1. How many residues are assigned to a helix (DSSP H, G or I) and either more than 11 Å from the chain's Cα centre (by Cα) or under 15 Å from residue 423 (Cα atoms) (or both) if we restrict to the stretch 101-134?
2. Specify which of the listed residues (296, 360, 255, 303) is in a helix (DSSP H, G or I), out of contact with any helix residue (DSSP H, G or I) (no Cβ under 9 Å at 6 or more places or on another chain), surrounded by fewer than 20 Cβ atoms within 10 Å (Cβ to Cβ) and modelled with pLDDT of 95 or more.
3. What strands (runs of 3 or more DSSP E) completely inside the stretch 1-72 contain at least 3 residues that are touching a residue at least 60 places away in the same chain (Cβ under 8 Å) and either crowded, with 22+ Cβ neighbours inside 10 Å or touching a strand residue (DSSP E or B) at 6+ places or on another chain (Cβ under 7 Å) (or both)?
4. Does the stretch 9-29 hold any residues that are over 27 Å from residue 186 (Cβ atoms) and in contact with a helix residue (DSSP H, G or I) (Cβ under 8 Å, 6 or more places away or on another chain), and which are they?
5. Can you pull out every residue in the stretch 139-170 that is without any contact (Cβ under 8 Å) to a residue 60 or more places away in the chain and either over 18 Å from residue 118 (Cβ atoms) or assigned to a helix (DSSP H, G or I) (or both)?
6. Condition first: buried (at least 19 other Cβ atoms within 10 Å of the Cβ) and part of a loop (DSSP other than H, G, I, E, B). Can you find one or more residues in the stretch 370-382 that meet it?
7. Pairs under 6 Å by beta carbon, first residue on the phi > 0 side of the Ramachandran plot in the stretch 237-258, partner modelled with pLDDT under 95 and assigned to a loop (DSSP other than H, G, I, E, B), six or more apart or different chains?
8. Based on what the data block shows, is residue 82 closer than 28 Å to residue 332 by Cβ and assigned to a loop (DSSP other than H, G, I, E, B)?
């Protein structure tokens, strides 16, 4: 580590806590080692300082954290015919992000989001600052310049915690929002749909706890967002109730939200339910059931959101395990954003390149540490599939330390998947529109003065 930092002194300066890059090519050459130390250095204070250092280097080299708000406002006026992929990376974050940026450069993709959910932050052991650093380090390594959209996904009020103590749970979510914005996540998806009260007979009263809590959190975001940045905020009427969303629910939520918030920009998109399930539906043998998604619902919801409220459109969650031949339907139905997570995790775990002994070690860890989560109705295969996402955080360094002859083929599979998704979602060539509509603001932040010592 000392050797890397000593060499960086020849290509990066730190004066008054401000970072300036003097030799970008040299920095790019050192990035693999630097981000590794930023993630795994044993000293927490040093680790956080290095993560901020990486982020400041990235901004100096043209990879700038940004809000997608102005692109979504344009989509609200004139839908461009593509659906923005929002990509959750649970493991091998730096390597996977490099693959994404490489493919984005090749296909001239600008409309893409890197995100991590409240729950994922916990079980993948990736706080927002670390996630930002890993993504932006990958951008530097691949020579990607321009806005980089990072998003807090499912910043959710957990129903049981909220009902027990609304203020405590709300304060927790606000703390997470503050942490994320400080880490330069300028896109936040609020999920207060957990609070919908289905015992009410009137739709507006059903949605009232949802839109009131969301408006409170949105107002908080507007109070703390950096000068010059309008954080893109998402709302959700999604999963609650296990049924597809309706235009009437959408109107009840958005009308109530606007009346409650009263001033300031509201949401730029709205997540809905149209038949998917996070992670897919697992059969007893561990395989995935074919999920039928109601694209007609998505089209109706996107049309109402765009034409009546000026939003970018509807957002679909839990889509990564859909068959490849389904993704072209999202832009055809005017869906503005689609969230993708488990499918990439599955590629990592199920790749023939992953040594069986390594996979067995991860599964053994899961069985030993999460046995209480196994439901009586689950087969062993269903339990492993539903729980193996928790094998990334505690074993993160072992995943990162996999040799190149293992990671290389896995990254090739992921690259092929991203190429397919970018094509089917029609974001190839979207860089021009992003550059025209999004003007990222560089928010200078300081690093510890002696970060290079």
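1. Narrowing the stretch 101-134 to residues assigned to a helix (DSSP H, G or I): 101-107, 118-123, 128-134.
Remaining after also requiring either more than 11 Å from the chain's Cα centre (by Cα) or under 15 Å from residue 423 (Cα atoms) (or both): 101-107, 119, 122-123, 129-130, 133-134.
So the answer is 14.
2. On the way: 296 fails: modelled with pLDDT of 95 or more; 255 fails: out of contact with any helix residue (DSSP H, G or I) (no Cβ under 9 Å at 6 or more places or on another chain); 303 fails: out of contact with any helix residue (DSSP H, G or I) (no Cβ under 9 Å at 6 or more places or on another chain).
After ruling out the rest, the residue left standing is 360.
3. Details: elements: 12-15, 18-21, 63-66.
Counting at least 3 such residues, we get 63-66.
4. Matches in the stretch 9-29: 10, 11, 26.
5. The answer is 142, 159, 160, 161, 162, 163, 164, 166, 167, 168, 169, 170.
6. Looking for residues that are buried (at least 19 other Cβ atoms within 10 Å of the Cβ) and part of a loop (DSSP other than H, G, I, E, B), one finds none in the stretch 370-382, hence no.
7. 241/198
8. On the way: closer than 28 Å to residue 332 by Cβ: yes; assigned to a loop (DSSP other than H, G, I, E, B): yes.
Taking the combined requirement at face value, the residue satisfies it.
The values are calculated or read from the model by the stated rules, or taken from the named source; none is laboratory data. Quantities reported herein were computed from a predicted structural model and do not represent experimental measurements. Glycine also receives a Cβ, built like all others from the backbone with ideal geometry; neighbour counts cover every protein chain displayed.
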